[in-house]
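Colleague: I am attaching a structure below and will ask some questions about it afterwards.
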Amino acid sequence: MRWGIEQRLEFIEFRLFWEGTINRADIVDYFAVSVPQASKDLALYQERAPGNMEYDKRGKRYVAADKFMLRFLNPDPYVYLSQLRSVAEGAVPSHESWIANLPSADVALTPKRDIDMEVLRKVLDAVREGASIEVFYQSMNAARPESTWRRITPHAFGHDGFRWHVRGFCHLEHKFKDFLLPRILEVRGKDKPGATGEEDWLWNNYFDVQIGPHPDLTDSQKKVVAKDYGLDHGNGVLSVRYAMLFYVLKRLGLLGDAAKQSARTQHIVTINRKETEAALEKAELRL
């Protein structure tokens, strides 16, 4: 099947699985195809997934049958919720989501970081070409209180849960660092690269953080925390880039001894804490 047809069949199954209903207008409105084409898509779906949907004459819609079986879709709760989140945050218009009946939803607000579009384009261009660039960067380092021009060779991007940064080699300090995108005020002077991303050991190597429920929780609470965090056999492993380790631990409340915090607010702890501390030191980030 052509990709467009296959996508529309997935769309039909998405609507049937998550919302229990679909009609021709849904396909016409989302994909901008003709009514006859939408009818063909529904007929093809019935042919390829017999018994999955029935026509409701009163509602003039197709509804999911009781013995509905997935044929084209591998549904994931996080895919559905990520669409819901994108709409709630305003990142995606509601009409671009596959969800027809959007439930009321909101997200915990964080200040929107002001990233200059032209700065991002030039940084992306340098990453693609493997080139270095000069950036007019405002550091929070006491040694450089004013914005200064510095040359970097960017190679990757990271997100700490709140902010985007670009990972790259700093020609000024001769090491790989993270540069927050909102603090890059201007970009100029594309040139030959310094050290490349292949040489960024902290970015290319991973450390396994072992996590588990807080020891002060009851057995039933530990079970639900294990389910909440997707922990097998009560514990789990997060494989984290050394360059992202500090951010991950900070976001999960695992900087410091989490076992000494209240189990009511800190539900997980680091099981291999000593090894994690050593990994942070290796990443030049101390507790």
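Colleague: Among the strands (runs of 3 or more DSSP E) lying completely within region 117-220, list those that include at least 1 residues that are among the polar types (S, T, N, Q). Spell out the reasoning first.
Modeller: On the way: elements: 132-137, 148-159, 164-170, 175-180, 184-191, 206-213.
Correct list: 132-137, 148-159, 206-213.
Colleague: While we're here: Within region 9-35, which residues are open to solvent by less than 20 Å² (accessible area, probe 1.4 Å) and assigned to a helix (DSSP H, G or I)?
Modeller: First, the residues of region 9-35 that are open to solvent by less than 20 Å² (accessible area, probe 1.4 Å): 9, 11-16, 22, 27.
Correct list: Leu9, Phe11, Ile12, Glu13, Phe14, Arg15, Leu16, Ile27.
Colleague: If you don't mind, there's one more thing I want to ask. Within region 159-179, which residues are buried (at least 17 other Cβ atoms within 10 Å of the Cβ), touching a residue at least 40 places away in the same chain (Cβ under 8 Å) and under 19 Å from the mean Cα position of the chain (by Cα)?
Modeller: Hits for region 159-179 are Arg163, Val166, Arg167, Asp178.
Colleague: Return yes when Arg58 is on the phi < 0 side of the Ramachandran plot and in contact with a strand residue (DSSP E or B) (Cβ under 9 Å, 6 or more places away or on another chain) and no when it is not.
Modeller: Working: on the phi < 0 side of the Ramachandran plot: yes; in contact with a strand residue (DSSP E or B) (Cβ under 9 Å, 6 or more places away or on another chain): no.
The answer is no for Arg58.
Colleague: Moving to a separate point now. So which residues in region 36-61 are open to solvent by 50 Å² or more (accessible area, probe 1.4 Å) and among the aromatic types (Phe, Trp, Tyr)?
Modeller: Listed by number, the list holds a single entry, Tyr55.
Colleague: So for region 89-108 (the condition being under 18 Å from the mean Cα position of the chain (by Cα), surrounded by 10 or more Cβ atoms within 10 Å (Cβ to Cβ) and not in a loop (DSSP other than H, G, I, E, B)), does at least one residue qualify?
Modeller: Yes, there is a match, as at least one residue in region 89-108 is under 18 Å from the mean Cα position of the chain (by Cα), surrounded by 10 or more Cβ atoms within 10 Å (Cβ to Cβ) and not in a loop (DSSP other than H, G, I, E, B).
Colleague: Let me ask something else about it. I'd like the full set of residues that are over 20 Å from Ala126 (Cβ atoms) and open to solvent by 60 Å² or more (accessible area, probe 1.4 Å), limited to region 184-215.
Modeller: Selection gives Trp201, Tyr206, Asp208, Gln210, Pro215.
Colleague: With respect to Asp29, determine if the residue is among the acidic types (Asp, Glu) and over 30 Å from the mean Cα position of the chain (by Cα).
Modeller: Details: among the acidic types (Asp, Glu): yes; over 30 Å from the mean Cα position of the chain (by Cα): no.
Here the answer is no, as Asp29 does not meet what is asked.
Colleague: Please name all residue pairs, on different chains or six or more residues apart, with Cβ atoms under 9 Å, provided the first residue is in region 183-211 and is without any contact (Cβ under 8 Å) to a residue 40 or more places away in the chain and the second residue is of a type in the set (Lys, Arg).
Modeller: Within 9 Å, the pairs are Asn204/Arg241; Asn205/Arg241; Tyr206/Arg241.
Colleague: Go through (1) modelled with pLDDT of 95 or more; (2) over 22 Å from the mean Cα position of the chain (by Cα) one by one and return the number of the condition Ile268 breaks.
Modeller: All conditions pass for Ile268, except number (2).
Colleague: Let me spell it out: the conditions are (1) within 14 Å of Asn205 (Cα to Cα); (2) open to solvent by 20 Å² or more (accessible area, probe 1.4 Å); (3) in a helix (DSSP H, G or I); (4) of a type outside the set (Gly, Ala, Ser), and Leu280 meets all of them except one. Which number is the exception?
Modeller: Of the numbered conditions (1) within 14 Å of Asn205 (Cα to Cα); (2) open to solvent by 20 Å² or more (accessible area, probe 1.4 Å); (3) in a helix (DSSP H, G or I); (4) of a type outside the set (Gly, Ala, Ser), the odd one out for Leu280 is (2).
Colleague: Only one residue in Thr218, Thr265, Thr270 is surrounded by 19 or more Cβ atoms within 10 Å (Cβ to Cβ), of a type in the set (Val, Ile, Thr) and over 30 Å from Tyr137 (Cα atoms), so which one is that? Outline the logic, then answer.
Modeller: Numbers: Thr218 fails: surrounded by 19 or more Cβ atoms within 10 Å (Cβ to Cβ); Thr265 fails: surrounded by 19 or more Cβ atoms within 10 Å (Cβ to Cβ).
Step by step, each of Thr218, Thr265, Thr270 is checked, and only Thr270 is surrounded by 19 or more Cβ atoms within 10 Å (Cβ to Cβ), of a type in the set (Val, Ile, Thr) and over 30 Å from Tyr137 (Cα atoms).
Colleague: Does any residue in region 236-258 that is over 14 Å from Ala283 (Cβ atoms) come within less than 6 Å, Cβ to Cβ, of a residue that is in a loop (DSSP other than H, G, I, E, B) six or more places away or on a different chain, and which pairs are these?
Modeller: Arg251/Gly161; Gly253/Gln266; Ala258/Gln266
Colleague: On to the next question. May I ask you to list the residues in region 227-258 that are touching a His at 6+ places or on another chain (Cβ under 8 Å) and either crowded, with 19+ Cβ neighbours inside 10 Å or modelled with pLDDT of 95 or more (or both)?
Modeller: Within region 227-258, Ala258 is the sole residue that qualifies.
Colleague: What tally of residues in region 227-277 results from selecting those that are assigned to a helix (DSSP H, G or I) and closer than 30 Å to Lys177 by Cα? Give the derivation first.
Modeller: Initial filter on region 227-277 (assigned to a helix (DSSP H, G or I)): 227-228, 242-251, 258-260, 273-277.
The next check asks that each one be closer than 30 Å to Lys177 by Cα; those that pass are 242-251, 258, 273-277.
Residues meeting the conditions: 16.
Colleague: Oh, and also: Might you check whether a residue that is open to solvent by less than 70 Å² (accessible area, probe 1.4 Å), within 30 Å of Ala88 (Cα to Cα) and modelled with pLDDT of 95 or more occurs anywhere in region 141-155?
Modeller: Among the residues of region 141-155, not one is open to solvent by less than 70 Å² (accessible area, probe 1.4 Å), within 30 Å of Ala88 (Cα to Cα) and modelled with pLDDT of 95 or more, which makes the answer no.
The values are calculated or read from the model by the stated rules, or taken from the named source; none is laboratory data. The shown structure was predicted, so the numbers you read here are calculated from the model rather than taken from an experiment. All Cβ positions, even for glycine, are placed from backbone atoms using ideal geometry, and neighbour counts span all protein chains on display. Ligands, DNA and RNA are excluded from the accessible area calculation, which covers all protein heavy atoms including side chains. Shrake-Rupley method; radii C 1.70, N 1.55, O 1.52, S 1.80 Å.
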